[in-house]
Amino acid sequence: MALTFQVDDKGQLDPKIRCDGCGGIIKNYAEGFALVDTPSAKDSPKSGTIRDPIFLCGGCEKNEQRKGDARRSIPLDHFMLYLLNNIQLTPRALEDAGEKLRGASAWR
């Protein structure tokens, strides 16, 4: 999985997404892509099938598009919003999690 943590200059962990194509860090999520499916006529996913997303930077996404494979990709920022919506995190739950994270990091 491309989700990773990088230590910043203050010693704090900073979540990052690594490109599965080139291995670089995707710095601007609006320019990254999530590849969520590679459908083909004979490989239709069945109910309960688990697929891991592939994260690509803009350059790697362009290279993949040139190959012409049938697939579905969405911009990374849209993917993250879709993910948050589907796990049903309310704005209050996000605020609470942020407060807990700030509290936990203050003791370390």
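The values are calculated or read from the model by the stated rules, or taken from the named source; none is laboratory data. Remember, predicted model here, so these are calculated numbers, not experimental data. Using ideal geometry, Cβ is built from the backbone for each residue, glycine included, and neighbour counts are taken over all protein chains shown.
If GLN88 satisfies every condition in (1) over 19 Å from LYS27 (Cβ atoms); (2) modelled with pLDDT under 85; (3) assigned to a helix (DSSP H, G or I) but one, which is the exception? Only one criterion in (1) over 19 Å from LYS27 (Cβ atoms); (2) modelled with pLDDT under 85; (3) assigned to a helix (DSSP H, G or I) is unmet by GLN88, namely (3). The residue that is modelled with the highest pLDDT, counting only those in the range 44-76 that are exposed (fewer than 15 other Cβ atoms within 10 Å of the Cβ) and charged (D, E, K, R), is LYS62.
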